[in-house]
Amino acid sequence: MPKTVDKSFDRRANHLLRSIRLCGGCVPLHRLQFQFSDSVIQTLLDRELVQIQNTGRGFLLEIAEDF
């Protein structure tokens, strides 16, 4: 039986993608952790829409090049 997707969850994921695009395609991960739940961030990572880059000074969440 397919799992139903919560529409508000999809809206939050789309809002996160738009926020990253407005910030130039990458955002420090620590800035997002208080605005978006870990499950929203993890879902976008699982769908390979975003990726995490270690800068040596922190982590950036950026839109995947293939997306």
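Between the helical axis of 7-22 and the longest alpha-carbon principal axis of the chain there is an angle of about 20 degrees.
The gain in end-to-end length when the GLU65 to ARG31 segment is fully stretched comes to 10.1 nm, 0.36 nm per residue minus the alpha carbon separation. Rounded to the nearest 20, the size of the Cβ-charge dipole of the chain about its Cα centre is 300 debye, with Lys and Arg at +1 and Asp and Glu at -1.
Using a probe of 1.4 angstrom, how much of the accessible area of the chain is carbon and sulfur, in percent? Answer for the chain is 51 percent, counting heavy atoms of protein chains only. Take the alpha carbon atoms of segment 45-65, find their center, do the same for segment 14-41, and report the distance between the two centers in whole angstrom. Between the Cα centres of segment 45-65 and segment 14-41 lies a distance of 10 Å.
Our helix-only sum for the chain, with -39,500 (n - 2.57) per DSSP H run of n ≥ 4 divided by its residues, gives a mean residue ellipticity at 222 nm of -12500 deg cm²/dmol. Take the convex hull of the alpha carbons in the chain; its mean projected area over all directions comes to 5.0 nm². Given DSSP loops and a limit of at most 13 other Cβ atoms within 10 Å, what is the longest stretch of the chain that contains no such trypsin sites (Lys or Arg not before Pro)? Result for the longest clean stretch: 4-46.
Each of CYS23 and ARG47 was given a label point 7 Å from its Cα along the Cα-to-Cβ line. The distance between the two points is 1.8 nm.
The values are calculated or read from the model by the stated rules, or taken from the named source; none is laboratory data. All values derive from a computational prediction rather than experimental measurement. All Cβ positions, glycine included, derive from the backbone under ideal geometry; neighbour counts span all protein chains shown. Only protein heavy atoms, including side chains, enter the accessible area calculation; ligands, DNA and RNA are left aside. Shrake-Rupley method; radii C 1.70, N 1.55, O 1.52, S 1.80 Å.
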